[in-house]
Amino acid sequence: MIKAIKWTLTCMLIIFLGAICFLMVFRMATAIFIVYTALALILVKRIGNRGFIIFIILGTFLIRLIYICTVNTPLDSDFELLYEAAVLFSQGDYSFGQQVYFQEWAYQTGFVIYQGLVIKIFGQAGSILALKILNCIWNTGITLLIYLIARNFFGEKPSRLASVLYSGFVFPVTFVSVLSNQHISTFFIMLALYFLLDKRVIRLRSLFRSLIAGFLLALGYIMRPDALIVMASLAVYFFVLLLRAENMRQKLEKAMQFLAVSLTFLALTRLASYAIRESGINGQGLKNNNFYWKFMVGLNYDSGGRYNEQDYQLVYGGNKSIEEKKELEKALIRERLGINPLKLANLFLQKIQNMWCENALDWSYKHLLESDRTVNLLFSHVRFSDVDAVLKDLNELFIYASMILSLLGTLAWRKARMHDGLLIPVAILAASFVLYLFIEVQPRYAYMQQPFLFILSGSGLEIIYRAFNGFSLGQVWARLRDPMKYRPGQQ
């Protein structure tokens, strides 16, 4: 009788607290996230190694393929300009290289050539869909590489779950419909680091690993200069390895590895720039002829460090010479850095929010929001603005979950030595965090950094797995039914 009363009261308390929590935190996005995570936990536990790789490739690719077939994202902004230049390139017309955009930011030419080659193969009519499908392939590769890299540092299940979480992360799912150079560039960067770090599958000597990594990083850079952040992070990584080396032979080996990566990277990027210049595609090669622009825009307090038309007109209006533009930009940078320190700190906080916490989903389906369209979901018509609200909430849940898990793992490293290889994703995120305090920010610019955040989330997932190892729902229910039996000292 007493047991029955206790059991009844315990169940009532659980129902009461559960109902309150449900009403306080329940949103459609929360329900989707919980169900997705629960299914992911079951799948990563029950599938074999080969089966998981097949699952993560097919599952990730199909999710993205379905999306690009459902949402027809129109070309917009710089993406339209780059595609139009690629069409000209495919026709043998290099006149786009004379445009101000490609004279100032000539490093975009590599991506134009890539798109132009795809247009040549598939024709202009089918090229946009082909490029979007390729984006799906690149992002599927990124998802797989999260798992392959993470399992060099963490257990099998945490590494799997980290990649499955990224697979369902809303931003990359939607962003594959945008013809951005971030997809292919990030894939090559991730592949380069996999060759450099993996000890489980790749059985190459360290020097050959470094040469391949340098080659792949150069390909990533030719598509988009994000690889410069990675090169700086590798310098930190190899410096630590040099400090840890126990003898001169080990120090020489680590120094040779870094030189192999760096020299291969520099040689190939210079060679690509030379080839583009000498072939007449763009006389500026892969240069950045307006280095100060990003800093000038990034320090604009009124725009929160985002692109703004006022700065563009200020610099590019009035037919200023290259030197006049540079001097104006440098003067504005000095002026903006000289504002009240509290105001500058507030700008930095705004930029952290804009870069790391905001979402970039509008790049994919802004046209649907502007048209106030309705969609048919579960046999009922729903306004797309309501779907957008759920997707943005869901996107936040994924990114905040990865941040919390990474933070949990980072705190644990204070008690245990961190694997040296994890210095690379940590350095990439730290360097990006500092750099984007000063240069232009957009939420989509975090695309390259986010896979490394999900890799680091494996550390937090591993702590959780260890804490709940062998712990089942049956045990929880048994404790609820007879809590006295599980009191300390009663077992």
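Of note:
- Qualifying residue in region 81-90 (condition: among the aliphatic types (A, V, I, L, M), over 24 Å from Ser279 (Cα atoms) and touching a helix residue (DSSP H, G or I) at 6+ places or on another chain (Cβ under 7 Å)): no
- Lone qualifier among Ser321, Ser364 - being under 31 Å from the mean Cα position of the chain (by Cα) and of a type in the set (Gly, Ala, Ser): Ser364
- Any hit, region 112-121, residues being assigned to a helix (DSSP H, G or I), hydroxyl-bearing (Ser, Thr, Tyr) and within 23 Å of Tyr221 (Cβ to Cβ): yes
- Residue within region 456-477 that is outside any helix (DSSP H, G or I), at pLDDT 55 or above, touching a Gly at 6+ places or on another chain (Cβ under 8 Å) and surrounded by 17 or more Cβ atoms within 10 Å (Cβ to Cβ) present: no
- Residue count for region 255-287 under the criterion of being farther than 23 Å from Gly97 by Cα and aromatic (Phe, Trp, Tyr): the result is 2.
- Within region 272-329, restricting attention to residues that are among the small types (Gly, Ala, Ser) and part of a helix (DSSP H, G or I), the residue that is surrounded by the most Cβ atoms within 10 Å (Cβ to Cβ) is Gly298.
- Residues of region 38-54 satisfying the condition of being part of a helix (DSSP H, G or I) and surrounded by fewer than 17 Cβ atoms within 10 Å (Cβ to Cβ): Ala38, Leu39, Leu41, Ile42, Lys45, Arg46, Asn49, Arg50, Gly51, Ile53, Ile54
- Which numbered condition Leu266 fails, given (1) part of a helix (DSSP H, G or I); (2) over 28 Å from the mean Cα position of the chain (by Cα): (2)
- Just one residue in the set Leu241, Leu196, Leu268, Leu211 is in contact (Cβ under 8 Å) with a residue 24 or more places away in the chain, touching a helix residue (DSSP H, G or I) at 6+ places or on another chain (Cβ under 6 Å) and crowded, with 21+ Cβ neighbours inside 10 Å; that residue is Leu196.
- Residue within region 88-109 that is in contact with a strand residue (DSSP E or B) (Cβ under 6 Å, 6 or more places away or on another chain), within 17 Å of Asn288 (Cα to Cα) and either at pLDDT below 95 or of a type in the set (Ser, Thr, Tyr) (or both) present: yes
- For region 121-178, the candidate set comprises residues that are crowded, with 24+ Cβ neighbours inside 10 Å, within 13 Å of the chain's Cα centre (by Cα) and of a type outside the set (A, V, I, L, M, F, W, C); within that set, the residue that is farthest from Asp76 (Cα to Cα) is Ser163.
- Condition check for Val173: assigned to a helix (DSSP H, G or I) and under 17 Å from Thr140 (Cβ atoms): yes
- Given (1) out of contact with any Cys (no Cβ under 6 Å at 6 or more places or on another chain); (2) part of a helix (DSSP H, G or I), number of the condition Leu65 does not satisfy: (1)
- Scanning region 222-230 for residues that are outside any helix (DSSP H, G or I) and either without any contact (Cβ under 8 Å) to a residue 12 or more places away in the chain or in contact with a strand residue (DSSP E or B) (Cβ under 8 Å, 6 or more places away or on another chain) (or both) turns up at least one hit.
- Region 352-387 - residue that is outside any loop (DSSP other than H, G, I, E, B) and aromatic (Phe, Trp, Tyr) and, of those, nearest to Gly304 (Cα to Cα): Trp356
- Flag if Phe102 is outside any helix (DSSP H, G or I) and hydrophobic (A, V, I, L, M, F, W, C): no
- Residue ID - nearest to Leu361 (Cα to Cα), chosen from residues in region 406-430 that are surrounded by 15 or more Cβ atoms within 10 Å (Cβ to Cβ) and under 16 Å from the mean Cα position of the chain (by Cα): Leu429
The values are calculated or read from the model by the stated rules, or taken from the named source; none is laboratory data. What you see is a predicted model; the values in this text were computed from it and never measured. Here the Cβ is made from the backbone with ideal geometry for all residues, glycine too, and neighbour counts use every protein chain on show.
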